[in-house]
Amino acid sequence: MLAVRWLFPGTEIRIDTGCLDCGQPILVRMRDEGILEVNPATTVGHMNTPFAKVLTGEVHWGMG
């Protein structure tokens, strides 16, 4: 879901979805590399990138 931010540079993206486990609503707002809001704050995401690439600087977390 976070991959959509690359399609709209400079634009605020809002994603309303639901938890696949419990059905609770999830809200994510982002713009470019910055995550503006995540609700609930306990939301956990999955990034399909080897952590070693983060450590070497090849990939950045993108947190604003």
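The values are calculated or read from the model by the stated rules, or taken from the named source; none is laboratory data. Everything quoted here is computed from the prediction, not taken from an experiment. Virtual Cβ from ideal backbone geometry, glycine too; neighbours counted across all protein chains shown. Please note that ligands, DNA and RNA were not included when accessible areas were found on the heavy atoms of the full protein model with its side chains. Shrake-Rupley method; radii C 1.70, N 1.55, O 1.52, S 1.80 Å.
Taking the solvent-accessible surface of protein heavy atoms with a 1.4 Å probe, what is the per residue accessible area of region 1-50 in Å²? Here the residues of region 1-50 average 76 Å² of exposed surface.
Between beta-carbons, use under 14 Å as the cut-off and find the net charge around Leu27, counting Lys and Arg +1, Asp and Glu -1. Within the 14 Å Cβ shell, the charges total -1. For the pair Thr49 and Gln24, label points projected 7 Å from Cα toward Cβ lie 2.7 nm apart.
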